[in-house]
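Undergrad: Shown below is the structure under consideration.
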Amino acid sequence: MATKTLAVLPFRSIGSNDEGEYLSDGLTEELINLFARMDGMYVASRTSSFYYKGRSASLAEIGKCLQVDFVLEGSVQVYREKVKVGVQLSNTKTGFSLWSDSYERELVDVLALQEEIARAVFQQYLSKTSHVFPKDHILVPNNDYKAYEYFLKGRYFFYQYSMENFKRAIPCYRKAIDCQPDFALAYAGLATCYMGLGGYINKRYYREGKKHALKALSLNDKLIDPHLALFYIQLFYEYDWEGARQTILKGLSINDQSADAHRAMGIYYLSIGQVEKALYEHEVAVKNDPLNLIFIRGVGWVASFMGQYEKALREYHRTLELDPSFRPSVEAIGMIYAYRENWAEAIRWLSQYQQMCKDPLKGWMALGYVWGRSGETDKAYEVIGKLDKRQEQNPDEPLFLDYATVYMGLNNLDRAYYYLKRALEEKVILAIVTFRTDPIFEPLRREDRYRELLQIAKLEALPKEEPVATSSENPLIEIQTDSNESLRFLFSALIYVKAEGNYARFYFVEGEGVQSKLLRLSLLETARQLNHPLVLQCHRSYLVNLHNFEAVRGNAKKYELISPLIDEVVPVSRSKGKELKNCLASPECLQNLSHSNQTVPIRPKV
């Protein structure tokens, strides 16, 4: 069964009615969730789809960025207790509309309307395949529209991603539960809000979050949302590492395409110090959610802890190209220069970050660290004074990690240790995630008392996990040379490899562009290390990843491989041309290759 690829773009709300905004977003999300539950379907994630809300882009651009062949879009208009919905299914490669329709229903029938639209798309798009329409996909008890309306309002506020909006979402979810006490998704929404408040406001919220996560799972253990909330609570509040691991594995078994679940797994690995696995999981998250700024920054974040500063900078700058106001990446770029001890550039970027915070007492932590390291200790102590004032104004706000970081810059390891210990005792999220891997804390990791920090976080006796395996069944590839150079990437990112004398140049996707790297390695040895059934030597000087090529053009005189990822073409030898042409024209052929246990034979270079 060939994989179908679809993006559901945010439905437009026509008019200024708030209810229309909730419904348009809700309809989009429910259609995404429904199609994502079908085996053999790839559906662009919510965050990446919603990137296009209010933005104009061609179908071709959307298809290339989200890696989808089809797009579903529409509009919602609410008036006089009625809703009118228009929908259209289009091909991203041709730009042609395949199907469109409009519906007008009573508001109370909106849940049934969602199913009607989904079934219509299913019939137009999937009915000739072996896909099966999901059963039990309506998750609102008794199809209660009022409960659903409250739930949509809660989710609308939640996706504003701020502590104040989490607090606004909570009463909406509670009203949904008042209407329908068995509403599992509403309990999951409560759990997620309280989990966020517990991590950034006060740890007492975690207990409330766990209660609601367990309630949601008792009502429906096939939902991924409560698994994610429970995972973070087990990780950050209980330091139950094995319990958290089992919870997120269960979540991935429900939906192994979930970018949120892969990112959560990456946070788990980063917290226990397994940075290579952390990077892999973050890369997978971005592959499944390519426009999620937080996930892209996460790749850069982990890469920076591994010393891969150029890669980290590319990821950070990519987020700023997507959204110049995304201030976490501005701070992160400043820290890259701090790690390199380029104090002037670090201060320039971190000063910009502080100004973006728009609060005279916020955004000083990293600047305080850099000023301390660069010898401007008076300014670093001024930051300590600002933290004191901020703590006095907001006594419940956990600032222990801020203090620890500035004191590390001042090389006052005793004070830094005291505050880092307090941060771990008070369950400060960033402290838990970074104290084992952030270069800032390396001086403390050399001291005997560091063991006490591991004991507080229950990490001292944690068994060491094996590094990420690389094989034909694992999408993470590592290439190594005799001179100890290495290159690591997701298999799906590799486009082709070209022989250049005694070297091999690798072309691969990173962020929104194509990067290349030259390694001293023969093409034969490259093929041996890649060891993947979709890797083929199509020419004496080229290895290609068939996953990223769509067609062969030409005839027996001259064949060329075409990829949508690059402008240039790759030459194909005459002996391989016809075979490749037939294979790329047959999805079943590629699928059989991808599931083969045998590597495609590689002919030695003559």
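A short reminder: the numbers here are calculations on the coordinates, not readings from a lab. In this text, all values refer to a predicted model and were calculated from it rather than measured experimentally. Positions of Cβ are generated from backbone atoms using ideal geometry, with glycine treated the same way; all protein chains shown enter the neighbour counts.
Undergrad: With Cβ to Cβ distances under 11 Å as the rule, what net charge do the other residues near residue 11 carry (K, R +1; D, E -1)?
TA: Here the charged neighbours net out to -3.
Undergrad: With a sphere of radius 13 Å drawn around the Cβ of residue 114, what net charge do the other residues whose Cβ falls strictly inside it have (Lys, Arg +1; Asp, Glu -1)?
TA: Working: positive: 105, 119; negative: 25, 29, 30, 109, 115, 116.
That works out to -4.
Undergrad: Based solely on its DSSP helices, what 222 nm [θ] is calculated for the chain when runs of n ≥ 4 H residues each add -39,500 (n - 2.57) and the sum is averaged over all residues, nearest 500 deg cm²/dmol?
TA: Numbers: 26 runs with 314 residues, N = 606.
That comes out to -16000 deg cm²/dmol.
Undergrad: To continue, here is another question. Over the Cα atoms, compute the radius of gyration (one decimal) and Dmax (the largest Cα-Cα distance, rounded to a whole number) for segment 476-594, in Å.
TA: Looking at segment 476-594, its Cα Rg and Dmax stand at 13.9, 42 Å.
Undergrad: Can you tell me how segment 502-550 classifies by the Cα gyration tensor, rounded, prolate or oblate, using a/c under 1.5 as the rounded cut? Mind showing how you got there, number by number?
TA: Details: a/c = 1.85, a/b = 1.16, b/c = 1.60.
Because a/c hits 1.5 or more and a/b fails to exceed b/c, segment 502-550 counts as oblate.
Undergrad: Tell me, what is the percent relative contact order of the chain, built from C-alpha pairs under 8 Å that lie six or more residues apart?
TA: Working: 1019 pairs, mean separation 43.5, N = 606.
In percent, rounded to a whole number, it is 7.
Undergrad: With each pseudo-label sitting 7 Å past Cα toward Cβ, what's the residue 119-residue 79 distance in nm, one decimal?
TA: Once both label points are built, they end up 2.8 nm from each other.
Undergrad: How high is the relative contact order of segment 4-130, in percent, with contacts defined as C-alpha pairs under 8 Å that are six or more residues apart? List each step's numbers first, then the result.
TA: Values: 204 pairs, mean separation 31.9, N = 127.
Computed value for segment 4-130: 25 percent relative contact order.
Undergrad: Would you work out the charge dipole size for the chain about its Cα centre, treating the Cβ of every Lys and Arg as +1 and the Cβ of every Asp and Glu as -1, and quote it to the nearest 20 debye?
TA: Working: 75 positive and 76 negative charges, 221 e Å.
For this selection, approximately 1060 debye.
Undergrad: So, one more: What dipole magnitude, in Debye to the nearest 20, does segment 4-130 give about its Cα centre under +1 on Lys/Arg Cβ and -1 on Asp/Glu Cβ?
TA: Values: 14 positive and 17 negative charges, 104 e Å.
Around 500 debye, computed over segment 4-130.
Undergrad: Can you compute the charge dipole magnitude of segment 236-367 about its Cα centre, using +1 on each Lys and Arg Cβ and -1 on each Asp and Glu Cβ, nothing else charged? Give it in debye, rounded to the nearest 20. Each step should come with its number before you reach the end.
TA: Values: 14 positive and 17 negative charges, 54 e Å.
Once rounded to the nearest 20, the dipole reads 260 debye.
Undergrad: If you don't mind, another one. For a test of the definition: using alpha carbon positions, the gyration tensor, and the 1.5 limit on a/c, classify the chain as rounded, prolate or oblate.
TA: On the way: a/c = 1.85, a/b = 1.09, b/c = 1.70.
Judged from the Cα gyration tensor, the chain comes out oblate (a/c at least 1.5, b/c at or above a/b).
Undergrad: Averaging the inverse of every distinct alpha carbon separation and then flipping it gives the Kirkwood radius. What is it for segment 4-130, in angstrom units? Don't skip to the answer; put the middle values down first.
TA: Working: mean 1/r = 0.0681 Å⁻¹.
Result for segment 4-130 stands at 14.7 Å.
Undergrad: Using Cα-Cα distances under 8 Å and only pairs 6 or more residues apart, what relative contact order does segment 233-382 have, in percent? Please report the intermediate quantities before stating the final value.
TA: Details: 168 pairs, mean separation 17.0, N = 150.
Value for segment 233-382: 11 percent.
Undergrad: State the extension gain, in nm to one decimal, for the chain segment bounded by residue 344 and residue 388, taking 0.36 nm per residue of separation less the distance between their alpha-carbons.
TA: Values: separation 44, 0.36 × 44 = 15.84 nm, distance 2.62 nm.
Contour length minus Cα-Cα distance gives 13.2 nm.
Undergrad: Which one of 492, 518, 573 is farthest out on the positive end of the charge dipole of segment 476-594, using unit charges on Cβ (Lys, Arg +1; Asp, Glu -1) and the Cα centre as origin?
TA: Most positive-ward Cα: 573.
Undergrad: Where in segment 510-544 does the label zone of residue 482 land, with the point 7 angstrom along Cα→C-beta and an amide N cut-off under 19 Å?
TA: Answer for segment 510-544: 518-530.
Undergrad: Let a ≥ b ≥ c be the square roots of the eigenvalues of the Cα gyration tensor of segment 224-308; is it rounded (a/c under 1.5), or, if not, prolate (a/b larger than b/c) or oblate? Could the numbers behind the result be given before it?
TA: Values: a/c = 2.06, a/b = 1.26, b/c = 1.64.
Since a/c reaches 1.5 but b/c is at least a/b, the shape of segment 224-308 is classed as oblate.
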